[in-house]
Structure formats: structure tokens, C-alpha cells
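What follows draws every value from the coordinates through simple rules; no lab data is involved. Bear in mind that the values here come from a model prediction, so they are computed numbers and not experimental data. Here the Cβ positions follow ideal geometry from the backbone for every residue, glycine too, while neighbour counts run over all protein chains shown.
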Amino acid sequence: MTRKRDDEALRLSRQLCFAVYSTAHAFNRAYRPLLALLDLTYPQYLIMLTLWERDDVPVKETGQQLHLDSGTLTPLLKRLEAAGLVRRRRDAADERQVRIGLTPKGRALRDKAHSVPREILCASGRTADELHALRAELITLRDRLNAATG
């Protein structure tokens, strides 16, 4: 009986990680046409969300908030800067730190982005409360996995 249970545990359809992974791909497909209207990729959109929430922050802080290392974050910031949406500058108080802030064009893009969360909510077929509860569960799971892996 144990062998059968072990085999069952190895089925792809039983893997939570695969459900999360394939859902992430579905999210990307749902976001792609919406973000194309903003001329943003999904990772760029995440950066813009952080800056619309709090502007002129250290790059390191943005990386921590998004769980991205500098090797992943820097090219994204360069593309956003080339598009005229953000500016990077050395911190006057600490030259070692680079700060990132929105340009007027980046601030203006925020108004165009307001429909994105509503469209995703609609595409999900779930209520806002259901998605908030699911989000909370996923964050708890993420944090526990991060704590377990050091």
C-alpha cells in the first residue's frame, strides 16, 4: 500500500508547485494583451506598481520588495529608463546607493493602468474577496517556504 501512495504522490496532477507554476503562466497570458496597451512587460509592470505606490526609492529596496536580485532588476530598470518612464540616480547622501524614481511620463502611465486589475479580476471569474483570501494564503505559503530554505 505504501508503494501505491508513494507513486500517487509523484503524479504531476497532485503537485501544488505545478498548479502554481501553470497558474503563473495563465496569469502572464491574461496580462500580456493588457500590458501591451501600456507597452510594458509583466516584470516591468511590477516595478511600475512599486513606484506608483512609493516613488524615489533605493533600487535595493525595490529588488527586495519584488524578490528580484540586481542581475534581474538592473536590465528591467534600464529598459524602463530608455522608455522614459523612470530615472536612476546616485543618492546624494550615500553615493553607493542608486535610487529610482518616476518621470512625468511614468506617473502619467498610472492613469492608463487602472483598468488592469479590474480586467484580471473579471478574467478570473472570482470575487475580489476570494482573490484576496487566495493571495493571503499564497503569501503565507511563500514566506514559510522562504523561511524553511533559509
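General observations
- Just one of the listed residues (Arg107, Arg96, Arg126) is more than 29 Å from Val59 (Cα to Cα) and either free of Cβ contacts under 8 Å to residues at least 60 places away in the same chain or loosely packed, with under 14 Cβ neighbours inside 10 Å (or both), namely Arg126.
- Taken over segment 21-48, the criterion of being in contact with a helix residue (DSSP H, G or I) (Cβ under 8 Å, 6 or more places away or on another chain) and either farther than 23 Å from Ile100 by Cβ or of a type in the set (A, V, I, L, M) (or both) is satisfied by Phe27, Asn28, Ala30, Arg32, Leu34, Leu35, Leu37, Leu38, Leu40, Leu46, Ile47, Met48.
- Asp55 meets each of the listed conditions (1) assigned to a helix (DSSP H, G or I); (2) closer than 22 Å to Gly84 by Cβ apart from (1).
- Note on segment 33-78: residues that are of a type outside the set (D, E, K, R) and on the phi > 0 side of the Ramachandran plot amount to 1.
- Residue that is more than 16 Å from Ile120 (Cα to Cα), surrounded by 10 or more Cβ atoms within 10 Å (Cβ to Cβ) and among the β-branched types (Val, Ile, Thr), where the choices are Thr50, Thr41, Thr23: Thr50
- Ser70 being closer than 25 Å to Asp143 by Cα and among the polar types (S, T, N, Q): yes
- Pick from segment 1-20, criterion without any contact (Cβ under 8 Å) to a residue 60 or more places away in the chain and among the aliphatic types (A, V, I, L, M), ranking: surrounded by the fewest Cβ atoms within 10 Å (Cβ to Cβ): Met1
- Of the helices (runs of 4 or more DSSP H) that lie entirely inside segment 68-150, those containing 1 or more residues that are over 17 Å from the mean Cα position of the chain (by Cα) and farther than 23 Å from Gln44 by Cα span 128-149.
- Residue check, Glu61 of a type outside the set (Lys, Arg), free of Cβ contacts under 8 Å to residues at least 12 places away in the same chain and in a helix (DSSP H, G or I): yes
- Residue identified as within 17 Å of Ala36 (Cα to Cα), of a type in the set (Asp, Glu) and out of contact with any Pro (no Cβ under 7 Å at 6 or more places or on another chain) among Asp129, Asp111: Asp111
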